[in-house]
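This is the structure I want to talk about, given as structure tokens.
The values are calculated or read from the model by the stated rules, or taken from the named source; none is laboratory data. Here the structure is a predicted model, which is why all the values come from computation and not from measurement. For neighbour counting, all protein chains shown are included, and Cβ atoms are generated from backbone atoms with ideal geometry for every residue, glycine included. We work out accessible area using only protein heavy atoms, side chains counted, and drop any ligands, DNA or RNA first. Shrake-Rupley method; radii C 1.70, N 1.55, O 1.52, S 1.80 Å.
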Amino acid sequence: QVQLVESGGGLVQAGGSLRLSCAASQPIFGINAMGWYRQAPGKQRDLVAAITSVGTTDYADSVKGRFIITRDNAKNTVYLQMNSLKPEDTAVYYCAADLRGLRSWGKGTPVTVSS
């Protein structure tokens with residue numbers, strides 16, 4: 001399994017920006033896909049954005065045009081740049097990595113967007 005540590009969450013006003021980081025315990029160039037998920041209180045965990053080993057990205061409709069996922073293989077880190085944040089973006093954000101059929105999760109970082 002891959003150990004993942006998220007950081008960068010916090011409290012921000014609506015319209016503001018945050019950048020989340022996900023540091024992996026091993027080189028990520030060989031990891032098939034990495035992504036960010038979020039879970040709001042009382043709701044299921046949903047995909048926010050994903051990026052493959054070749055850089056192909058995918059986004060939830062609700063964040064398209066506002067969020068950008070990138071990966072830095074040299075730093076074994078995946079980022080989620082979140083712009084134009086809305087109160088409905090409030091959730092715990094989790095990093096995930098898919099490697100050899102196994103999914104690893106980080107412990108999450110909370111994001112709160114005030115109106």
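Quick one: in the stretch 31-58, of everything that is more than 14 Å from VAL78 (Cβ to Cβ) and of a type outside the set (A, V, I, L, M), which residue is farthest from the chain's Cα centre (by Cα)?
Top of the filtered list is GLY42.
Please return the ranges of strands (runs of 3 or more DSSP E) entirely within the chain where 1 or more residues are basic (Lys, Arg) and surrounded by fewer than 18 Cβ atoms within 10 Å (Cβ to Cβ).
Filter on the chain gives 18-24, 102-105.
Cβ-Cβ under 6 Å, sequence separation 6+ or interchain: first residue in the stretch 85-98 and at pLDDT below 95, partner part of a strand (DSSP E or B) and open to solvent by less than 40 Å² (accessible area, probe 1.4 Å). Which pairs?
Partner pairs satisfying both residue conditions: ASP98/ALA33.
Mind checking which residues of the stretch 1-22 are of a type in the set (S, T, N, Q) and within 15 Å of the chain's Cα centre (by Cα)?
The answer is GLN3, SER7, SER17, SER21.
Now, a different point. Those residues that are touching a strand residue (DSSP E or B) at 6+ places or on another chain (Cβ under 8 Å) and free of Cβ contacts under 8 Å to residues at least 60 places away in the same chain, I need them from the stretch 1-36; list them, please.
Across the stretch 1-36, the qualifying residues are SER21, ALA23, SER25.
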